[in-house]
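Enquirer: First, the structure itself, so that you have it in front of you.
Where a number appears in this text, it was derived from the coordinates with a stated rule and is not lab data. Please read all numbers here as calculations on a predicted model, not as lab measurements. Here the Cβ is made from the backbone with ideal geometry for all residues, glycine too, and neighbour counts use every protein chain on show.
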Amino acid sequence: MTPDQAKEAAAKAAASLVLDGMIVGLGTGTTAKFAVAALAGRMRDGLRFIGIPTSEATAEQARSLGIPLSTLDQHPQIDLDIDGADEIDPHTLNVIKGRGGALLREKIIATSSKQLVIIADQSKLVEQLGARMPVPVEVVPFGWQSTARRLESLGCRAILRPGFTTDGGHYILDCSFGPIIDAQALAGKLDATVGVVEHGLFLGMATQAFVASDQGVQRFHS
């Protein structure tokens, strides 16, 4: 199974959870694209649902497939949110997200959802968050260098993502902490850092995850 085949298998498994009439959060990134495509396939088979996209890129894909979209203002309670992840701790279902650059909107949608379902291929499983991927941190452009220094005082190397601006007009600093011993404590420090808009530690949010490998799709519950 290629990585794309694994992502597609996980996406289809998650899309099968969507029931008629649901409000569905549509994630952002390479894996989430497969979920949007899978939902469009189910819609052609008669499923009715409304999507709430987490980025302009996802909104564009969904529109091109004919998926009806709405906003969080019109539907403040989302039934099910399907999104990818950069790293997954299978024991806690804590994840790192944000490589796709939509972490702020993704977290807003996730916290407005009854269920957050993470989809990924097996390469995203880690024993400790931060083992392979940096933590994306969204920051305001004004004084971002000062914000980067404050973040580095927490024990990371903060690198500005070159040439990238989020849908909200912010920058992203990819912060490499290495294996994170206490993710909750780090999240608190990031939340308290002046200049930080949001960060990619999604803790205690995912309700389940579908992870695909050559052996099939494994389902994890929080």
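Enquirer: Could you list V117, V18, V24, V140 in order of exposure, starting from the residue whose Cβ has the fewest other Cβ atoms within 10 Å?
Expert: Ranked by crowding around the Cβ, least crowded first: V140, V18, V117, V24.
Enquirer: Run the dipole for the chain about the Cα centre, Lys and Arg Cβ at +1, Asp and Glu Cβ at -1, nothing else charged, and hand back the magnitude in debye, nearest 20.
Expert: Using only the charged Cβ atoms, the result is roughly 100 debye.
Enquirer: Restricting things to Cα coordinates, could you compute the convex hull volume per residue of the chain in Å³? Walk me through the numbers on the way to the answer.
Expert: Details: hull volume 25.8 nm³, N = 222.
Dividing the Cα hull volume of the chain by its residues yields 116 Å³.
Enquirer: Number of Lys pairs in the chain with C-alpha atoms less than 17 angstrom apart, excluding same-chain neighbours closer than eight positions? Intermediate results must be reported in sequence, preceding the final value.
Expert: Values: K7/K33; K7/K97; K7/K124; K12/K33; K33/K97; K33/K124; K97/K107; K97/K124.
Close lysine pairs found across the chain: 8.
Enquirer: A further question follows. Please order L201, L47 by the number of other Cβ within 10 Å, starting at the fewest.
Expert: L47, L201
Enquirer: Could you tell me which residue out of L173, A183, S146 lies farthest along the dipole of the stretch 135-199 toward its positive end? Charges go on the beta carbon: Lys and Arg +1, Asp and Glu -1, centred on the Cα centre.
Expert: S146
Enquirer: State to the nearest 20 debye the size of the charge dipole of the stretch 135-199 about its Cα centre, where the only charges are +1 on K and R beta carbons and -1 on D and E beta carbons.
Expert: Its charge dipole is roughly 240 debye.
Enquirer: Ranking S64, S123, S113 by Cβ neighbours within 10 Å, fewest first, what do you get?
Expert: With the fewest neighbours first, S64, S123, S113 line up as S64, S123, S113.
Enquirer: Give the relative contact order (percent, whole number) for the stretch 135-199; include only Cα pairs under 8 Å separated by 6+ residues.
Expert: Averaging sequence separation for qualifying contacts and normalising by length gives 47 percent for the stretch 135-199.
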